[in-house]
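Colleague: Starting off with a structure, shown below.
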Amino acid sequence: MDLAHTSHDSRSIDPAAKEMLRIADREGYATIWERYEKQQPQCSYGQLGTCCRICSMGPCRIDPFGDGPSHGVCGATADTIVARNLARMAAVGSSSHSDHGRKVALLLKAVANGSNTDYRIADPEKLVAVATRLGIPTDGREPAAIAGDVATVAIDCFGNQGEEPIVFMEKYMPKKRFQRLQDLEDTLYRTMGAKTGFLPRAIDREAVDILHRTHFGCDHDPLSLVAQSVRCSLSDGWGGSLIATELQDILLGSPTIKPVKANLGVLEAESVNVVVHGHEPILSAKVVEMAQSAACRAAAEAVGAKRVNVVGLCCTGNEVLLRQGVGMAGNESHSELAIMTGAVDAMVVDVQCIYPALADLASCFHTRFITTSEQAKIPGALHIQFEEQEADAIATHIIKTAIDAFPNRNKARVYIPQHTSTAIVGFTVEEILKALGGTPQPLIDLIVKGTIKGVAGIVGCNNVKVQQDFFHRTLTEELIKRDILVIGTGCWAIAAAKSGLMDLPARDLAGPGLRAVCGQLGIPPVLHMGSCVDCSRMLNLAGTLADHLQVDISDLPLVGSAPEWTTEKAVAIGTYFVGSGIPVHLWPLPPILGGPEVTKILTSDAKDVLGGWFFVEEDPVVTADRMEQIIMERRAALGI
Ligand code: XCC
Ligand code: SF4
């Protein structure tokens, strides 16, 4: 157990968090940190991944030190158990992202056929770009007709029953990578007689395949289980998440580069504060939009509030931050702290990454904790079911609920830590290319010259096992110092925004090459590319560079990291990066180390087979060294 956690300063590096944690101690509010301490010592079988409870002859556990049984009741080995558990994590992570994407595809269909009038095609230019990429004719056609066809292709990617790879992947993945994965299937078939596919056939199918093959008495081969985990994860990155990103841009508008504020100081003492938390901007973007309506403004004034102030948390926060310039209250570990300010009138959540503890905590305040999705109900919350076809009315009802709570706010208990940082955000692939003058060539030239050594993509969460934001900030600073451009998403991006690393003066922390580039282009050295589904934007950028140079992604000086990772979605993201040819750093330890064969496949064999692999490292400076080393090796291989 980490005794350091007993002091609040060692729980987070964030100044606002430190202030709030002092209040939590004083008032006796429970937090993730306190509950984590109560969980010590955590189960080492679970940490190593060698616990199986797939059938009712179990649970079985394998002692990795050889002191206990070496097989489960059915004879399963440690590697089988570890690989099955990992595959299930990848399936859940992929499903979460992809199910989000499905809803966006269905909404686009509904908008196209006129059955939903609460949303519209907000970015017809992006619609044409996506359609063109998919090979859908656009000339002289109405946007609604084009949108209908795009939605049909997207929906088919989920439920196609054929053996051919999903269309979005085929059209978006760079040619050399697609070819390599296809060849790999043939090679494995020839050399091992095993039918092992890497190209996803349908998004839903690959997750169901994992559920099937990990049922009692099916696939026990670690290699085949890992291979299917890669295929399923690729169906997320180049399928479900990509569809979510592209279609959200069409329906809600593509993000543009803009300055925003990040940290708890975005809450306003005089306003009705509504925090949107979760992942799906179909809801949160509406809440932001309706908060500006004359009716909501008048209602807020009627209770003596200045205005309705909508702010974000986690990824849905990232979505409205990028598109609507909404202030960012914080990342995952900030969610409880936001409620403790006593200034949140409603926290509105949709799906994913929402602590159930928030309901209890909100009940200590006047805060309305509102769940909106049938897929994420939480005991103690007020449930207002969100329906896309009545989006305007329901979003208005949610805001009115917050306004009604405002008069119950106990002003004596309000404490808003006055910390915010400015962040320049909104670096989509389109915006990056625009800043470069329309082509990736200037970026490639800078990389070839060595002005920028390479690009690191960082993703992921907060994890109570790591001091909040410490790994995110230190690793990012270390990389830019080494002239490595850093891009990323999710709760990492929020950590970077709160730390000031996405503001223009942060270029002074960069090495001389990167600093000069940032000066010329007027950009920060650390680029916010969006929410976790927007990791697809990073894939897309990598693919754009690869296709432009006619190489594979695995040839490029690119490297990934998920420091402070928490969720199964992060497993899927890391795995599709690896499957796309990008080496990925992870911390904390993934639950695989009890399976030596699985560990070897993921940390070593994958390097030759896929060009991407995992490595684990606890120290951010050492991590940066290793990431730089990988970049330099790839540069050398390219002869630059
Ligand atoms: Fe969730 Fe996306 Fe992780 Fe943050 S970073 S804790 S997954 S909100 Ni994706
Ligand atoms: Fe034990 Fe095998 Fe059942 Fe797993 S599947 S719980 S290892 S008997």
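Laboratory data are not the source of any read-out in this text; all were calculated from the coordinates shown. Fair warning: this is a prediction, and the values are worked out from it, not measured in the lab. Glycine also receives a Cβ, built like all others from the backbone with ideal geometry; neighbour counts cover every protein chain displayed.
Colleague: Find out how many positive minus negative residues lie around residue 464, taking Lys and Arg as positive, Asp and Glu as negative, among other residues whose Cβ is under 9 Å from that of residue 464. Could you put the intermediate results ahead of the total?
Modeller: On the way: positive: 11, 35, 465; negative: none.
That sum, taken over residues with Cβ under 9 Å, equals +3.
Colleague: Enter the per residue convex hull volume of the chain, computed from alpha-carbon coordinates, in Å³ rounded to the nearest integer.
Modeller: Value for the chain: 149 Å³ per residue.
Colleague: What is the packing order of peptides 180-190, 199-209, taking the mean over residues of other C-beta atoms within 10 Å and listing the highest first? Provide the component values of the computation, followed by the final result.
Modeller: On the way: 180-190: 14.9, 199-209: 23.5.
Highest-to-lowest ranking by the protection proxy: 199-209, 180-190.
Colleague: Show that you can apply the helix-only estimate: for the chain, add -39,500 (n - 2.57) for every DSSP H stretch of four or more residues, divide by all residues, and state [θ] at 222 nm to the nearest 500. Mind dumping the intermediate values first?
Modeller: Values: 27 runs with 310 residues, N = 640.
Using -39500 (n - 2.57) per qualifying helix, the result is -15000 deg cm²/dmol.
Colleague: Give me the log10 of I(q) over I(0) for region 403-485 at q = 0.12, 0.17, 0.18, 0.26 Å⁻¹, as the Debye formula computes it from C-alpha points; what are the numbers?
Modeller: Relative scattering, expressed as log10 I(q)/I(0), comes to -0.63, -0.93, -0.99, -1.28.
Colleague: Can you tell me the length gained on complete extension of the stretch residue 63 to residue 171, counting 0.36 nm per residue apart and subtracting the Cα distance?
Modeller: Net length gain for the segment: 34.3 nm.
Colleague: Evaluate 2.2 N^0.38 Å with N set to the residue count of region 1-127, then give the Cα radius of gyration divided by it. Could the numbers behind the result be given before it?
Modeller: Working: Rg = 23.7 Å, N = 127, 2.2 N^0.38 = 13.9 Å.
This ratio for region 1-127 stands at 1.71.
Colleague: While we're looking at this one, here's another question. Rank 207, 248, 294 by how far each Cα sits towards the positive end of the charge dipole of region 205-324 (+1 on Lys, Arg Cβ; -1 on Asp, Glu Cβ) and give me just the farthest.
Modeller: 294
Colleague: Can you give the net charge of the other residues whose Cβ lies under 12 Å from the Cβ of residue 80, counting K and R as +1 and D and E as -1? Don't jump to the answer; show the numbers that get you there.
Modeller: Details: positive: 84, 213; negative: 79, 219, 221, 597.
Local net charge: -2.
Colleague: Take the Cα atoms of region 535-604, find their three principal axes, and give me the spread along each one in whole Å, biggest first.
Modeller: For region 535-604, the Cα extents along the three principal axes come out at 41, 23, 15 Å.
Colleague: Please state the charge dipole magnitude for region 262-413, taken about the Cα centre, from unit charges on C-beta atoms (+1 on K and R, -1 on D and E), reported in debye and rounded to the nearest 20. Can you show the working numbers first?
Modeller: On the way: 11 positive and 17 negative charges, 110 e Å.
Once rounded to the nearest 20, the dipole reads 540 debye.
Colleague: Need one word for region 184-261: rounded, prolate or oblate. Basis is the Cα gyration tensor (sqrt eigenvalues a ≥ b ≥ c); a/c below 1.5 gives rounded, then a/b vs b/c decides. All intermediate terms of the calculation are to be shown ahead of the outcome.
Modeller: On the way: a/c = 3.21, a/b = 2.44, b/c = 1.31.
The shape class here is prolate.
Colleague: Could you compute the FRET efficiency for residue 384 and residue 295, with r as their C-beta to C-beta distance and R0 at 25 Å, rounded to 0.05? Could you put the intermediate results ahead of the total?
Modeller: Numbers: r = 17 Å, r/R0 = 0.69.
Plugging the Cβ-Cβ distance into 1/(1 + (r/R0)^6) gives 0.90.
Colleague: What shape does region 299-398 have by the C-alpha gyration tensor, where a ≥ b ≥ c are the square roots of the eigenvalues, rounded means a/c under 1.5, and otherwise prolate means a/b greater than b/c and oblate the rest?
Modeller: On the way: a/c = 1.13, a/b = 1.05, b/c = 1.07.
Rounded, since a/c falls under 1.5.
Colleague: Now for a different question. Check residue 581: other-chain or 5+ apart residues with amide H under 5 Å from its amide H, H built from backbone geometry?
Modeller: 612
Colleague: Tell me, what ³J(HN,Hα) does each residue in region 268-279 have, in order and in whole Hz, if you take phi through Karplus 6.51 cos²θ - 1.76 cosθ + 1.60 with θ = phi - 60° and put x for Gly and Pro?
Modeller: Once rounded to whole Hz, the list reads 10, 4, 8, 10, 6, 9, 10, 9, 9, 9, x, 9.
Colleague: So, one more: Hey, what D do you get for region 240-291 in µm²/s if you plug the Kirkwood alpha-carbon radius into Stokes-Einstein at 10 °C and 1.306 mPa s?
Modeller: 120 µm²/s
Colleague: So what is the relative contact order for the chain, in percent, with contacts set as C-alpha pairs under 8 Å and at least six apart? Working shown, then result.
Modeller: Numbers: 1367 pairs, mean separation 107.3, N = 640.
Once divided by the residue count of the chain, the mean separation gives 17 percent.
Colleague: When the dipole is taken about the Cα centre of the chain, and only Lys, Arg (+1) and Asp, Glu (-1) are charged at their Cβ, what size is it in debye, to the nearest 20? Intermediate values should be presented prior to the final figure.
Modeller: Numbers: 58 positive and 74 negative charges, 118 e Å.
Dipole of the chain, to the nearest 20 debye: 560 debye.
Colleague: Mind giving me the nanometre distance, one decimal, between the label points for residue 397 and residue 133, set 7 Å out from Cα along Cα→Cβ?
Modeller: In this crude label model, residue 397 to residue 133 measures out at 3.6 nm.
Colleague: Right, here's the next one. If each of residue 161 and residue 141 carries a label point 7 Å out from its Cα toward its Cβ, how far apart are those two points in nm?
Modeller: Here the answer is 2.6 nm between the modelled labels.
Colleague: Let a ≥ b ≥ c be the square roots of the eigenvalues of the Cα gyration tensor of region 145-232; is it rounded (a/c under 1.5), or, if not, prolate (a/b larger than b/c) or oblate? Walk me through the intermediate numbers first.
Modeller: On the way: a/c = 3.06, a/b = 1.48, b/c = 2.07.
Since a/c reaches 1.5 but b/c is at least a/b, the shape of region 145-232 is classed as oblate.
Colleague: Taking the Cα-to-Cβ direction at residue 441 and at residue 302 and moving 7 Å from each Cα, how far apart do the two end points lie in nm?
Modeller: Label at residue 441, label at residue 302, 6.0 nm between them.
Colleague: How do 238, 587, 565 rank when sorted from fewest to most other Cβ atoms within 10 Å of their own Cβ? Could the numbers behind the result be given before it?
Modeller: Values: 238 31, 587 23, 565 28.
Arranged by neighbour count, lowest to highest, 238, 587, 565 become 587, 565, 238.
Colleague: Under a Cβ-only charge scheme (Lys and Arg +1, Asp and Glu -1), can you give me the dipole magnitude of region 478-627 about the Cα centre, in debye to the nearest 20?
Modeller: Values: 10 positive and 17 negative charges, 70 e Å.
With only Lys, Arg, Asp and Glu charged at Cβ, the dipole is about 340 debye.
Colleague: Where Lys and Arg each count +1 and Asp and Glu each count -1, what net charge lies around residue 384 among other residues with Cβ under 12 Å from its Cβ? Don't jump to the answer; show the numbers that get you there.
Modeller: Working: positive: 368, 377, 400; negative: 350, 374, 387, 390.
Charge balance in the 12 Å sphere: -1.
Colleague: Near residue 126, which lysines are there with a Cα under 24 Å away, not counting those fewer than 8 places off in the same chain?
Modeller: Within reach: 103, 109, 171, 175, 258, 286, 434.
Colleague: Amide H neighbours of residue 347 under 5 Å, at least 5 residues apart or on other chains, H built in the peptide plane: list them.
Modeller: Amide H neighbours of residue 347, under 5 Å, 5+ apart: 275, 368, 369, 370.
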